[in-house]
Amino acid sequence: MVQPVISFKDYGFQYTAQASPTLHHINLNIYPGEKVLIAGASGSGKSTVGSCINGLIPYAYPGESTGELLVGGKDPGKESIFALSQIVGTVLQDTDGQFIGLTVGEDIAFALENDCVPQEQMKATVQKVAELVDIDHHLEYAPHELSGGQKQRVSLAGVMVEDVKVLLFDEPLANLDPAAGRVTIELIDEVQKRTGAAVIIIEHRLEDVLWRRVDRIVLMDEGRIVADMPTRAFLSDTKLTEHGIREPLYLTALRYAGVPITEELEPQHVDSLQLSEEHKEKVRAWYQGNEGNGGAATQKKDILSVENLSFGYTPQKQNLKNVSFSIKEGEMVSIVGKNGAGKSTLAKLICGFEKPTAGRICLEGRDLANDTIKERAQRIGYVMQNPNQMISKPMIWDEVEMALLASGMSEQARKERVEETLKICGLYPFRKWPVSALSFGQKKRVTIAGILVQQPRIIILDEPTAGQDYHHYTEIMEFLKSLNRQGFTVIMITHDMHLMLEYTPRAIVFCEGELLADTTSARVLNDPKLVQKANLKETSLYTLSLRCGLEKPQEFTERFIAYEEAHRERQER
């Protein structure tokens, strides 16, 4: 009989800093060679389960446990964290917290150095693994020189060099462009097949994880396991939406069309769907019956203009090349493209963190070249991708209020503004908490709150929903949308194609520092050539429409988005 490599028996855990337990009566077995997805809303306890498995609990996060936990047949509480690292390899959501080496090559080799692997063998292993994750051309780079997606690849390579029994991935797709996310899922699948290790993935981007086989989905809510089911059976149920997790778009579209989601439908991926002619006809009938809104857009004046902009961090490499576009007052726009395409660099130039080598940036027709960072910040708010690079106060309330202290507002007015913003961002219950007690996703909300509280004219957000469950994702995006309706201009740098489709009619696409396309979001994700060049990924709605015999997948996508928006508004009423 095969023994589980991980076994929780009536396990509970309470952090020393918390007044009540985070985990309650966890019973879970994971076997060698299994691939298990752990899903749940922010604060559901899924990352705490991961920390129990890899030994961060109790060594990094002290607390009291009850019940029994065995990892590779050993009690984590009685083993050193080094011994546990020989059993469990972990890729953390916050990649900056995982780097050890001064260069990419050193960081990948760290575990091999600890094991005293001969240098020539070490170099060969590092080169092989780096090629697998497409980071071999950056081995001499310092980690801080990499984009978020490149850092994630380095972390993945670092755990692939060791022969571990369990591979644990905590939000592995959070900072990756869609195509890189697909490659990462493929890599995880290949590594598992080669090693036979158990793979545990903690991730919000459910549809992307399901690009490759997943044996089981474990759903958590309020520190308890509420479902542990085979993938096919799980997706046939309604537990995802009931517990604040976004189901794959193709399943939502099928539900709207009246197609029953059953195990026989093989719902685990859009390509695996067993669609009968009756199912296809229902989708076609739904499409014909929803013509979309098609209203003409009101023309407004330009608020932000970028003219022939070029920039390079070094004279040898141009990160942006002759970029020109304009954004109108009150627009909501996505900036998308592969990791390292120049999206975040563009935001730094707009905010004044870097100076262009050529071209200019204008706000309402006025050149910003002579404006300081502080002067720009009064009109342009910027929320960075990594919250740890923005937070400077130990307490949540102080962090959000900080920008208002020099504003001349009364104490009562500041209090009301901070409370309103914390409620919108889902942070009001934690207002007296220290920032250090928050998850990565919760820290992200703190940084968004710190910018939103200032109510700037333009808000630039770098990956605003990374690490957010569907509930908080929707809450933040609906708040941004409400600001947009009031006239605020919102620019989002994102890898989340759902976000782009649902909330931004327009998308600006970058590739290798050049502006590749400036068009509607639906058109971007229904153009296979553009998708491939920009390292994006066709929406599953595109694939579903073709499988149902529809000749205009872009229109199908647009009608779905319009229907989805109307459906949300009906639910709110």
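The values are calculated or read from the model by the stated rules, or taken from the named source; none is laboratory data. Note that this is a predicted model, so its numbers are computed, not measured. A quick note on method: Cβ atoms are made from the backbone with ideal geometry, for glycine too, and the neighbour counts reach across all protein chains shown. With ligands, DNA and RNA removed, areas are computed over all heavy atoms of the protein, side chains included. Shrake-Rupley method; radii C 1.70, N 1.55, O 1.52, S 1.80 Å.
Selection over segment 446-483 of residues that are at pLDDT 85 or above, open to solvent by less than 10 Å² (accessible area, probe 1.4 Å), touching a strand residue (DSSP E or B) at 6+ places or on another chain (Cβ under 7 Å) and outside any helix (DSSP H, G or I) gives a count of 6.
Among the residues of segment 412-439, count how many are touching a Pro at 6+ places or on another chain (Cβ under 9 Å) and open to solvent by 30 Å² or more (accessible area, probe 1.4 Å). The number of residues fulfilling the criteria is 2. Remark: pairs (first residue in segment 29-54, of a type outside the set (Ser, Thr, Tyr); second residue in a helix (DSSP H, G or I); Cβ separation under 6 Å; 6+ apart in sequence or on different chains) = Leu37/Val209; Ile38/Lys46; Gly40/Lys46; Ala41/His471.
Could you check segment 23-40 and list, in sequence order, the residues that are among the small types (Gly, Ala, Ser) and open to solvent by 20 Å² or more (accessible area, probe 1.4 Å)?
The one that is among the small types (Gly, Ala, Ser) and open to solvent by 20 Å² or more (accessible area, probe 1.4 Å): Gly33.
Going through segment 230-269 one residue at a time, which ones are in contact with a strand residue (DSSP E or B) (Cβ under 7 Å, 6 or more places away or on another chain) and aliphatic (A, V, I, L, M)? Ile245, the sole residue that qualifies. Considering only segment 326-338, I want to know if a residue exists there that is surrounded by 12 or more Cβ atoms within 10 Å (Cβ to Cβ), among the polar types (S, T, N, Q) and closer than 18 Å to Ala522 by Cα. Within segment 326-338, one or more residues are surrounded by 12 or more Cβ atoms within 10 Å (Cβ to Cβ), among the polar types (S, T, N, Q) and closer than 18 Å to Ala522 by Cα.
Restricting attention to segment 49-70, the residues being in a loop (DSSP other than H, G, I, E, B) and either basic (Lys, Arg) or crowded, with 18+ Cβ neighbours inside 10 Å (or both) number 1. Are there strands (runs of 3 or more DSSP E) fully within segment 484-536 with at least 3 residues that are within 22 Å of the chain's Cα centre (by Cα) and touching a residue at least 60 places away in the same chain (Cβ under 8 Å)? List them. So the answer is 489-493, 506-511. For segment 290-303, check the following and say yes or no: at least one residue is open to solvent by 20 Å² or more (accessible area, probe 1.4 Å), part of a strand (DSSP E or B) and at negative phi. Yes - at least one qualifying residue is present in segment 290-303.
So, in segment 191-230, exactly how many residues are polar (S, T, N, Q) and surrounded by 22 or more Cβ atoms within 10 Å (Cβ to Cβ)?
Pass one, segment 191-230, residues polar (S, T, N, Q): 192, 195.
After this cut, where a residue has to be surrounded by 22 or more Cβ atoms within 10 Å (Cβ to Cβ) as well, the list is none.
Selection size over segment 191-230: 0.
In segment 514-543, which residue that is among the acidic types (Asp, Glu) and farther than 24 Å from Leu265 by Cβ is surrounded by the most Cβ atoms within 10 Å (Cβ to Cβ)? The selected residue is Asp527. Taking only segment 81-98 into account, find how many residues are in a loop (DSSP other than H, G, I, E, B) and either touching a strand residue (DSSP E or B) at 6+ places or on another chain (Cβ under 6 Å) or open to solvent by less than 60 Å² (accessible area, probe 1.4 Å) (or both). Matching residues across segment 81-98 total 4.
For the structure I just gave you, tell me whether Leu265 is open to solvent by less than 20 Å² (accessible area, probe 1.4 Å), without any contact (Cβ under 8 Å) to a residue 40 or more places away in the chain, under 22 Å from Thr539 (Cα atoms) and of a type outside the set (Val, Ile, Thr). So Leu265 passes the test. For segment 231-244, indicate whether the set of residues that are touching a residue at least 24 places away in the same chain (Cβ under 8 Å) and charged (D, E, K, R) is non-empty. Yes. Scanning segment 200-234 for residues that are assigned to a helix (DSSP H, G or I) and within 25 Å of Ser7 (Cα to Cα) returns Leu206, Val209, Thr231, Arg232, Ala233, Phe234.
Residues considered: Ser7, Ser20. Of these, the only one that is surrounded by fewer than 16 Cβ atoms within 10 Å (Cβ to Cβ), small (Gly, Ala, Ser) and either at pLDDT 95 or above or more than 25 Å from the chain's Cα centre (by Cα) (or both) is Ser20.
So which residues in segment 544-554 are crowded, with 17+ Cβ neighbours inside 10 Å and either within 27 Å of Phe510 (Cα to Cα) or at pLDDT below 90 (or both), if there are any at all? Once the filter is applied, which keeps residues that are crowded, with 17+ Cβ neighbours inside 10 Å and either within 27 Å of Phe510 (Cα to Cα) or at pLDDT below 90 (or both), segment 544-554 yields Leu544, Ser545, Pro553, Gln554.
If you check Lys393, Lys374, Lys415, Lys423 for being charged (D, E, K, R), modelled with pLDDT of 85 or more and in a loop (DSSP other than H, G, I, E, B), only one passes: Lys393. Of all residues in segment 339-355, those satisfying the criterion of being among the polar types (S, T, N, Q) and either in a loop (DSSP other than H, G, I, E, B) or open to solvent by 20 Å² or more (accessible area, probe 1.4 Å) (or both) are Asn339, Ser344.
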